[in-house]
Every structure is written in C-alpha cells, then in structure tokens.
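S.K.: I have a structure here, written as structure tokens, and I will follow up with some questions on it.
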Amino acid sequence: MSIASYREIKLNQDTSKKHLVVTYHPNGKIKEKGYQGYYADQQISTGAFVGMWYRYNLQGQLIQSTYYHNNIFNKAFIEVKKYHFNGKVKSIERFNNYELYETDAKAIGQWKYFDKNGKLIKAIQY
C-alpha cells in the first residue's frame with residue numbers, strides 16, 4: 001500500500017516505540033535533544049522525529065526549537081523557532097513536513113520575525 005493511500009498516520013503511543021536522542025558538543029554540553037518514534041505501520045516510516053526538538057550552542061543556550069507535528073497525513077508540518085542571544089524568539093517558520101513525505105521543503109502559513117526585544121518586525125504569508 002502506498003503512502004498516498006493513507007488518510008491518517010498515528011504515532012504508536014507505546015513509549016517503548018519512541019526514544020530520547022541526545023547529542024553533545026565536544027565540551028560536553030548538550031547540542032540537541034528530542035524524541036524519535038515509530039508509526040503504527042512501520043512500512044510507512046521508522047525513526048521519525050516526533051514532538052519537540054531542542055538545539056543548543058556551545059555555551060548551552062537554546063538557539064532553536066523544532067516541533068514535528070506528524071499525526072495527520074497531508075497536514076503534517078514542522079515549526080522552527082530560532083532565538084536571539086537574550087532568549088527571545090527571533091523567528092517562527094513553518095514548513096510542510098518534508099522529512100516525513102520526502103518532498104522539497106515548502107514554506108506554509110505565516111512566518112514571523114522579531115527584534116531582540118520581542119517586537120514583530122516582519123510577517124510573510126505563504
């Protein structure tokens with residue numbers, strides 16, 4: 001059965017089917033962390049990123065968070081938030097879930113950009 005014939009893809013809620021992945025910078029600080037999981041029908045996808053992933057710089061400061069929303073076929077998306085050095089959101093961008101469907105990354109929704117004080121400076125609708 002092809003992936004196009006599925007109407008809905010649901011993550012297996014059994015926690016043994018998802019696991020925490022943590023990578024480290026050479027200095028021992030966390031570089032990235034998040035969960036990988038498996039879909040109920042493993043012929044579709046295995047080891048997919050699920051939920052929230054966090055990326056940190058060498059000093060251990062959060063620089064990016066990425067949310068993988070994979071539950072509904074053709075409505076799955078990836079939302080990426082980047083952060084200023086002071087911790088305020090720098091940008092919010094949303095893409096089709098190109099990793100799940102093996103398509104080109106395509107912008108969707110409204111992308112927002114903020115100054116270092118958190119003030120919205122630009123919004124682009126895709």
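S.K.: Using a Förster distance of 30 Å, how high is the FRET efficiency between K75 and K31, based on the Cβ-Cβ distance and rounded to 0.05?
M.R.: Efficiency for this residue pair is about 0.50.
S.K.: Run the quick spin-label model on Q59 and F85: label points 7 Å from Cα toward the beta carbon, then report their separation in nm to one decimal.
M.R.: Distance between label points: 0.6 nm.
S.K.: Output wanted: per-residue J couplings in Hz (rounded whole) for region 20-31, from phi through Karplus 6.51 cos²θ - 1.76 cosθ + 1.60, θ = phi - 60°, x for Gly and Pro.
M.R.: 6, 10, 10, 10, 10, 6, x, 7, x, 6, 5, 9
S.K.: Mind ordering 51-58, 63-70, 23-30 by average Cβ neighbours within 10 Å, highest first?
M.R.: 63-70, 51-58, 23-30
Any read-out appearing in this document is the output of simple, stated calculations on the displayed coordinates, not a laboratory observation. In this text, all values refer to a predicted model and were calculated from it rather than measured experimentally. For neighbour counting, all protein chains shown are included, and Cβ atoms are generated from backbone atoms with ideal geometry for every residue, glycine included.
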